[in-house]
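Heads up: the structure comes next, in structure tokens.
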Amino acid sequence: DWELGLGAQYQSHRFRLDGTGAYKDGVGEETVVPIFAKLAYRPNRSWEFGGYLGIAVGGEVRLENDRGSKLTDKDYDPALVVGLRTQFSF
């Protein structure tokens, strides 16, 4: 059986920066919206093979100091998104 799908997600990731460098002990945040098409093949109930192709748009990186004050934020260009997947269920 074949499956075709379309999707989009809003993703936001916050992370602590290490204790060295220009943004010592600060916080980083990345936001992006990937838009993608998915194709999957399931030869039986146990196995599924698939892949997706898309574009990540609206990307932004924000940096804050250790007190939460904004230091900078930058937009970045759209980027290609490609992935492969294999799933085994029992």
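The values are calculated or read from the model by the stated rules, or taken from the named source; none is laboratory data. What you are looking at is a predicted structure, and each value in this text was computed from that prediction instead of being measured. Quick reminder, even Gly has a Cβ in these numbers, built from the backbone with ideal geometry, and neighbours come from all protein chains shown. Note: accessible area is taken over every heavy atom of the protein model, side chains too, but ligands, DNA and RNA are not part of it. Shrake-Rupley method; radii C 1.70, N 1.55, O 1.52, S 1.80 Å.
Values as computed for the structure displayed
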read-out: Within the range 49-90, tally of residues that are without any contact (Cβ under 8 Å) to a residue 12 or more places away in the chain, open to solvent by less than 100 Å² (accessible area, probe 1.4 Å) and not in a strand (DSSP E or B); value: 1
read-out: For L6: the one exception among (1) more than 30 Å from S89 (Cβ to Cβ); (2) among the aliphatic types (A, V, I, L, M); (3) not in a loop (DSSP other than H, G, I, E, B); value: (1)
read-out: Evaluation of Y23 against (1) part of a strand (DSSP E or B); (2) more than 23 Å from E3 (Cβ to Cβ); (3) of a type in the set (S, T, Y); (4) open to solvent by 80 Å² or more (accessible area, probe 1.4 Å) (one fails), failing number; value: (1)
